[in-house]
Amino acid sequence: MLKVRNASHYRVIADEEHYYSESSIVQLGNGDLLVSSPDNRGLAHTDAGSVVLSRSKDCGRTWTNHPRQFLFKAGSSDGYSSGPLSLLADGTVLCHADHLRYLVRVGDISYIAPRGNSEHDTAYLTRSDDGGETWAAPWPARTIPMQGCFVRDGILELPDGALLMPLSGTRRTISQRLPNDDDAFRSYLLRSDDRGEIWYYYSAIALDPAGVLNLWEPAIARLSTGRIVALLRSDYVHMIAPPGGDLYSCYSDDDGASWSIPHRTPLWGYPADLITLKDGGALATYGYRRDPLSIRVAFSKDGTTWAKEDAAVLRTIPLRSQEQTGPSFAALSPSPELSTLNVGFRHIGYPDSKQLADGRIATVYHMWDEGLRQCVECTVWDVEIGSA
């Protein structure tokens, strides 16, 4: 049974001009924590902006992010979504983000438009060789033959130095299509054998052969046995929202070249993060957008078998509300009720966790603050694994 102990919550980044969302965290060898955060533009979750860096030198209690340090910088009609960090064995920090172009403008806001008006380009990467002080000019990853990609989880380094990049996307459609009635999302891997310079399609992690269920936004981790395990978000191609949301699990015993058939877990939420604990087993962290809103955690000894009894609430998130002001992004969608669900005040979570050098867990996630701005918070906590 998993228990959350000694949880402390800290503000990472927030301001009056941006909505910060899907963040990622790493701990450097000197103990510093780095967090990357997309700074969505506008009065709602527009999913397109720059990716900026925050740093903590006191294990997450305080953070510095001004002046703003850009990992990826948006233009007037293009932007980036997500931007997970990965710390390699040699100390290199990698960050990759999906690039979106042909964004639609509403006043001074550029946002991703539904039904083909905006387009996924590909994933771009940057690296830092000096602990996040400076970053290389971004370069693209080759996703062919996949069309478009969604970035969610960080890059996984194998013992031989090869790198695996988990992505999700479609086979035929590069346009931003939500819902995507004709082309279900699937999860797949890119691989690099030269430290991230050149990437190539490597394998399909999971897809629904019926083309009805999206299996996407994969999180992967490598166990001490060498098995790579994955957790996948699921929903239906006609509805990117509840009643979907069950997490699916699969695994690879050949360094990601082939994968087991995905199976549904008893965990509801999306999307998940997945890490391997120092004492063994896998820890999942995921957002829960039913009432009460929360960030939840779960433990699995083998990374593939999950149970509700091994899950716990890390933090309950208040549900904010207000009358609509400014541009209504929901009104621009052919499915207003769906768009409202995606960009409304239930848009919380997208957690990312790392086990720190002292054994504690640091989890970052986004939520709505008292001023109705999306912010990023960090919870530092102790995980206790015991018998029921």
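Laboratory data are not the source of any read-out in this text; all were calculated from the coordinates shown. From a predicted model like this one, the values you see are computed outputs, not experimental measurements. As a convention, Cβ positions derive from the backbone with ideal geometry for all residues, glycine included, and neighbour counts pool all protein chains shown.
Things to note:
- Between the residues Asn65, Ile109, Cys95, the greatest Cα displacement towards the positive end of the dipole of segment 59-179, with unit charges on the Cβ of Lys, Arg, Asp and Glu, is found for Ile109.
- Cross-link reach list, aspartates and glutamates versus Lys308, counting only Cα pairs under 17 Å and skipping chain neighbours closer than eight places: Asp246, Asp273, Asp291, Glu384
- Debye equation applied to the C-alpha atoms of segment 2-385, log10 I(q)/I(0) at 0.06, 0.11, 0.13, 0.15 Å⁻¹: -0.19, -0.70, -1.03, -1.49
- Helix-derived mean residue ellipticity, 222 nm - over the chain, DSSP H n ≥ 4, -39500 (n - 2.57), to 500: -500 deg cm²/dmol
- Potential extension, Glu384-Asp32 segment - 0.36 nm per residue separation minus Cα distance: 124.3 nm
- Computed 3J(HN,Hα) for segment 60-70, one whole-Hz value per residue from the Karplus formula 6.51 cos²θ - 1.76 cosθ + 1.60 where θ = phi - 60°, is x, 6, 10, 9, 10, 8, 9, x, 5, 10, 8, glycine and proline marked x.
- Approximate spin-label separation Thr134-Arg61, in nm, with each point projected 7 Å along Cα-to-Cβ: 3.3 nm
- Residue order for Tyr200, Tyr350, fewest other beta carbons within 10 angstrom first, comes to Tyr200, Tyr350.
- Charge dipole of segment 2-385 about the Cα centre (unit charges at C-beta), most positive-ward option of Tyr188, Leu231, Leu85: Leu231
- Treating r as the C-beta distance of Asp369 and Arg68 and R0 as 22 Å, the FRET efficiency rounds to 0.70.
- For segment 1-62, the fraction of alpha-carbon pairs in successive 5 Å shells from zero, as %: 4, 16, 22, 19, 16, 13, 7, 3, 0
- Here the label points at Ser8 and Ala210, each 7 Å from Cα along the C-beta direction, are separated by 4.9 nm in the simple model.
- With at most 12 other Cβ atoms within 10 Å, longest stretch of the chain clear of loop GluC sites (Glu not before Pro) (DSSP): 198-322
- Spin-label model distance (nm) - Leu158 vs Asp182, 7 Å beyond Cα toward Cβ: 3.6 nm
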